[in-house]
Amino acid sequence: MSTSTSATRVPAVEARQLIKTYGDVYALNGMDITVEPGTVFGLLGPNGAGKSSTVKILTTLARPDSGSATVAGHDVLRHPDRVRRAIGVVAQNSGADPVATGRENLQLQGRLYGLGRTDLARRVTELLDRFRLADAADRPVKGYSGGMRRRLDVALGLVHRPEVLFLDEPTTGLDPETRAAMWDEIGRLAGEDGLTVLLTTHYLEEADRLAERIAIVDRGRVVVAGTPDSLKGELRGDAVHVELRGAVGEAGRTLLRGALGGLPGVHEVLVDGRRVSVRADQGAAAMPALLAALERAGVGVATATVARPSLDDVYLRYAGRRYSEAEAEAEGAEDLVLAATGGAR
Amino acid sequence: MSTAVAQTWYMTQRQLMVFVRQPAYAVITLIQPVIWLFLFGSLFKKVIELGGFGTTSYLDYLVPGVVVMSALSSNLWAGMGTLDEIQRGTLDRFLTTPVSRAALMNGNVVNNGLVTALQSVVIVLLGLLGGADCPGGVGGIAVLVVASVLLGTIFGALSNALGMLVRERESIIGINTFLLLPLTFLSSAFMAPSQMPDWMRHVADLNPLNWAMVAGRSAMSGNPDWGDVALRGGGLLALAVAAVWLSIRTFRSYQRSV
């Protein structure tokens, strides 16, 4: 079946106009994604942008208010059981049983998919080896480190050899070293026979490094999608970020846009509070003229930096705000959603 | 069908493991009723003199009371386990697998039933050891255990449903403290029905805890009223089936709210 799927290139995941509300809060507001089979697809956005809601719908856990979605060719609303057989899910909290051992957790998971005794035993040993858990296999999971738990979570999602693997924030809460190791492991997954991976992350670096295609999500919808390189490539030249000594008002903003936008080799001026971001053909060359223009406009400069385009700049361009600010705002939105759904989610 | 049965068994095993591998938890489940047995046994020893208990030893009367009260109190906490599983992400993990929803819930039911049965048998054995008399013999004790398991199932399933719906520890704690003592004392658990005020006796007739109480005590007595036992037992069974059905349905509203 997987061969016919790839031959006709039915998308591994396809979501159309998903809408999901919690009370008055729109968690998803017209989410569209298409994931080609055998690829790693990254859903990138700040907390509360709608990544987890999307994953919950695609993994049959939640139902959308409207819209449709198929996973591995099956409709998530009409045939949730077929979808469940085809997918592996590694949620933010995968909830391995702390009292059971790593091996027991994997065995139970395999049994739920109806794996036979010998096949299951072989598969469990294989996964324990592959995720470097063989030594800890027969110890209760409550004694595992954060990194070991995360590796067990991924192994749990792979027991039944799924067609599509969902990784929801796979490295959140891990220290940098463990995160790097996790990245290597996820990178290897992509090489696996035909496995499609849908990854959500709020780390720009993670999406950049792991995903072949990225969709940037903001406020419940995709704002732009493409390969990391094409997204960055669409941004011409360098990014120049200037931090002002004080915030400028509406009038100052217009004035600055005019003053800076007219300089040679400068495009796309964004003024946001104390931060001014400019795209320039040659960042370093444009800097003196920029600083002079700012001085003429009567605003003091605290810092100024030049950088090659990053996904942060992509985000800034398409979502119209900085990633870190979206994150901070999302914290507030998250609280609203929590209040609307009555607490612990 | 056989898949659902196998899956129920996997889920039961998983839960029993928690009971077996956490001895402290097992010991508390078993020790608390023992405390009730000896505390109430000593405190209310003399009430037997009021008459109407159908026996001359208060301990004879008390053993089924403590069995049923303990069945209620331990099962009322079932929702806490479900809440833990929700917060840990375990429930969501299972819900994204093809496992039958009924098996997920029935694993809880079977596990709680087995623990309740064990707890009930231990209380009865300790009672007998302490000198309680049981004219109804093993058959009578079996009826008491089954009635306790059914009672536990009703409140365990409701507690699970509540855990899924409200997802707050405080609500479960609040409802449990609110229910446990009124349900226990609005019954013949500690006091002979003939010594109860009229209105209270009528209320007790509607109390499922009292049904388990009456069925168990009658079966354990020298001359059981089997018609009465069947009637109360049937009532408990019907409620248990309804409560489990309701708790399985609750998955749907849980999935709507995630």
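Bear in mind these aren't lab numbers, they're just calculated from the coordinates by the rules spelled out. What you are looking at is a predicted structure, and each value in this text was computed from that prediction instead of being measured. Because the Cβ atoms are built from the backbone with ideal geometry, glycine has one as well, and the counts that use them run over all protein chains shown.
Note on A:Ser324 and A:Asp272: their simple-model spin labels are 1.1 nm apart, each label 7 Å out from Cα toward Cβ.
Estimated from the Cβ-Cβ distance and a Förster radius of 41 angstrom, the FRET efficiency linking A:Leu263 and A:Arg209 is about 0.75. Over every Cα atom in segment B:87-190, the radius of gyration and the widest Cα-Cα span, Dmax, amount to 17.2, 53 Å. For an R0 of 60 angstrom, estimate the FRET efficiency from the Cβ-Cβ distance between B:Ala242 and A:Glu185 and round to the nearest 0.05. That gives a FRET efficiency of 0.80. Evaluated with a Cβ-only charge set (Lys, Arg +1; Asp, Glu -1), the protein assembly as shown carries a dipole of roughly 600 debye about its Cα centre, given to the nearest 20. Distance between the 7 Å Cα→Cβ label points at B:Phe185 and A:His79: 6.0 nm. Of the residues A:Glu169, A:Glu206, A:Glu268, the one that moves most in a GNM of chain A with alpha-carbon contacts below 10 Å is A:Glu268. Near the amide H of A:Val301, within less than 5 Å, lie the amide hydrogens of A:Arg245, all on another chain or at least 5 residues away, with H placed in the peptide plane. Loop-only chymotrypsin sites (Phe, Trp or Tyr not before Pro) in segment B:174-258, please: DSSP not H, G, I, E or B, and at most 12 other Cβ atoms within 10 Å. Answer by residue number: there is no such site. Here segment A:236-308 is assigned +1 on the Cβ of each Lys and Arg and -1 on the Cβ of each Asp and Glu. Its dipole about the Cα centre then comes out at about 60 debye. Convex hull volume of the Cα atoms of chain A, normalised per residue: 157 Å³. Computed over every Cα-Cα pair of chain B and binned at 10 Å starting from 0, the pair-distance distribution P(r) comes out as 7, 30, 34, 19, 8, 1, 0 percent. Each of B:Ser247, B:Ser100 has some number of other Cβ atoms within 10 Å of its Cβ, and from fewest to most they run B:Ser100, B:Ser247.
Compute the whole-percent fraction of alpha carbon pairs in segment A:193-308 spaced more than 19 Å apart. Result for the distance tail: 55 percent.
On the beta carbon distance between B:Asp84 and B:Val121, with R0 = 35 Å, the FRET formula returns roughly 0.85. In this Cβ point-charge picture (+1 for Lys and Arg, -1 for Asp and Glu), segment A:21-110 has a dipole of about 180 debye about its Cα centre.
Going from the residue with the fewest nearby Cβ atoms within 10 Å to the one with the most, A:His79, B:His202, A:His202 rank B:His202, A:His79, A:His202. Helical runs assigned H by DSSP (4 residues or longer) give chain A a calculated mean residue ellipticity at 222 nm of -12500 deg cm²/dmol, each run adding -39500 (n - 2.57) before division by the residue total.
Each residue of segment A:305-313 was assigned a 3J(HN,Hα) from its phi angle through the Karplus expression (A = 6.51, B = -1.76, C = 1.60, θ = phi - 60°), giving 9, 10, 9, 5, x, 10, 4, 4, 5 Hz with x at Gly and Pro. Across segment B:131-144, computed HN-Hα scalar couplings (Karplus, 6.51 cos²θ - 1.76 cosθ + 1.60, θ = phi - 60°) run x, 5, 10, 9, x, x, x, 4, x, x, 5, 4, 4, 4 Hz from first to last residue, x flagging Gly and Pro. Each of A:Gln17 and A:Arg161 was given a label point 7 Å from its Cα along the Cα-to-Cβ line. The distance between the two points is 3.9 nm.
For chain B, a Gaussian network of Cα nodes joined below 10 Å ranks B:Ser74, B:Ser42, B:Ser57 by mean-square fluctuation, and the top entry is B:Ser42.
Residues in segment A:67-77 carry Karplus couplings, in order, of x, 9, 7, 10, 10, 6, x, 9, 6, 5, 8 Hz; the curve used is 6.51 cos²θ - 1.76 cosθ + 1.60 with θ = phi - 60°, and Gly or Pro positions show x. Counting Cβ atoms of other protein chains within 10 Å of each residue's Cβ and taking the mean over peptide B:96-105 gives 5. Taken over the Cα atoms of the protein assembly as shown, the convex hull encloses 190 Å³ per residue. When chain B is treated as a GNM with alpha-carbon contacts under 10 Å, the residue of B:Gly130, B:Gly140, B:Gly163 showing the greatest mean-square fluctuation is B:Gly130.
By the beta-carbon count within 10 Å of each Cβ, the least crowded to most crowded order of A:Thr59, A:Thr254, fewest first, is A:Thr254, A:Thr59.
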